[in-house]
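Q: Structure below; questions to follow.
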Amino acid sequence: MASLKDLRNRIASVKATQKITKAMQMVAAAKLRRAQEAAEAARPYAERMDVVLANIAKSVAGNEGAPALIAGTGRDDTHLLVVCTAERGLCGAFNSSIARLAREDTRRLVAEGKTVKILCVGKKGYDVLKREFASLIVETVNFRAVKRMSFGEGQLVGQKVLDMFEAGDFDVATLYYSRFQSVISQIPTAQQIIPAVIPPAGEDDAPSGAVYEYEPSEEDILADLLPRNVSVQIFRALLENGASEQGARMSAMDNATRNAGEMIDKLTMSYNRQRQAQITKELIEIISGAEAL
């Protein structure tokens, strides 16, 4: 059984930990609002970009000279997985859920005989995936020194992906990130970005039978929009990850603070019982000694 001194030290240690987790929860709550606003502000632009591409790509998707970012390479042999995670931990299952989805897809693709390459964006995803797929990781991008994500970071990763595609290093690229839904809910998501998955235009996107004339040509517009769309989708994923990370950390630190409080209560009760037993024992010894005299 632990001594009273050991219990006092343990209680003091847990209280210090509780102060840290409470402070981290408050910091995450302060960062969450700005990160959530940034993620929600990026969604309409990214979604509208898909609609514009869908309208333009309709007329060129079936042509022989269609851009490779839409038509693909004609093969499905080599897959690039762009796994976006956080640079830091202590955020619950946020990083592990994204890595788990990427790991499951990697195993499935390898079992199908495909060649898989992994581009890790974020230290934590690399730390998880290197245990099993170290030989498949081609590069790691670290944004640990970046205080606030900007389009420049998304464009940096997007350019790396485009350079690899132009070099013929892969046929299909899939982006992995966590879509922010609420503080307690983040959804691991896999999104194919090369070749672009053009969603069908909805009824509200354009009048039925509408005819558009483009200046310059559709091919010229797509030549600029398609590479930009890759960077936009990656930037959106980074913003979604930022909000999801803070939400997950806020929830995890709140749970840790509550657990620390429960542990302090149990340790305090154990300390009081042991102290009371020790006092009772000393009183019995005193009374027994007095009666012996």
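Q: Can you confirm whether Ile98 is under 16 Å from the mean Cα position of the chain (by Cα), modelled with pLDDT of 90 or more, of a type in the set (Val, Ile, Thr) and part of a helix (DSSP H, G or I)?
A: Details: under 16 Å from the mean Cα position of the chain (by Cα): yes; modelled with pLDDT of 90 or more: yes; of a type in the set (Val, Ile, Thr): yes; part of a helix (DSSP H, G or I): yes.
Here the answer is yes, as Ile98 does meet what is asked.
Q: A further question follows. Within region 34-67, take every residue that is modelled with pLDDT under 80, open to solvent by 30 Å² or more (accessible area, probe 1.4 Å) and part of a helix (DSSP H, G or I) and give me the one that is nearest to Arg179 (Cα to Cα).
A: Asp50
Q: Quickly run through region 139-182 and pick out the residues that are free of Cβ contacts under 8 Å to residues at least 40 places away in the same chain, of a type outside the set (S, T, N, Q) and touching a helix residue (DSSP H, G or I) at 6+ places or on another chain (Cβ under 8 Å).
A: Answer for region 139-182, where residues must be free of Cβ contacts under 8 Å to residues at least 40 places away in the same chain, of a type outside the set (S, T, N, Q) and touching a helix residue (DSSP H, G or I) at 6+ places or on another chain (Cβ under 8 Å): Glu139, Val141, Val146.
Q: Can I ask one more? Filter region 144-163 down to residues that are among the aliphatic types (A, V, I, L, M) and assigned to a helix (DSSP H, G or I) and give me whichever is surrounded by the fewest Cβ atoms within 10 Å (Cβ to Cβ).
A: The selected residue is Leu156.
Q: State the number of residues belonging to region 1-33 that are among the small types (Gly, Ala, Ser), in a helix (DSSP H, G or I) and under 30 Å from Arg275 (Cα atoms). Show your work before the answer.
A: The initial filter retains those residues of region 1-33 that are among the small types (Gly, Ala, Ser), namely 2-3, 12-13, 16, 23, 28-30.
Now drop any that are not in a helix (DSSP H, G or I), which leaves 12-13, 16, 23, 28-30.
Subset that is under 30 Å from Arg275 (Cα atoms): 12-13, 16.
Matching residues across region 1-33 total 3.
Q: Any chance region 76-86 includes a residue that's open to solvent by 10 Å² or more (accessible area, probe 1.4 Å) and over 24 Å from Gln155 (Cβ atoms)?
A: Yes: region 76-86 contains one or more residues that are open to solvent by 10 Å² or more (accessible area, probe 1.4 Å) and over 24 Å from Gln155 (Cβ atoms).
Q: If you go through region 3-33 one residue at a time, how many are open to solvent by less than 70 Å² (accessible area, probe 1.4 Å) and without any contact (Cβ under 8 Å) to a residue 12 or more places away in the chain?
A: Within region 3-33, residues that are open to solvent by less than 70 Å² (accessible area, probe 1.4 Å) and without any contact (Cβ under 8 Å) to a residue 12 or more places away in the chain number 5.
The values are calculated or read from the model by the stated rules, or taken from the named source; none is laboratory data. It should be emphasised that the depicted structure is a prediction, and the values quoted were computed from it without experimental measurement. Reconstructed Cβ throughout: ideal geometry from the backbone, glycine too, with neighbour counts over all protein chains shown. The protein model used for the area step is the full one, side chains on, heavy atoms only, and it has no ligands, DNA or RNA in it. Shrake-Rupley method; radii C 1.70, N 1.55, O 1.52, S 1.80 Å.
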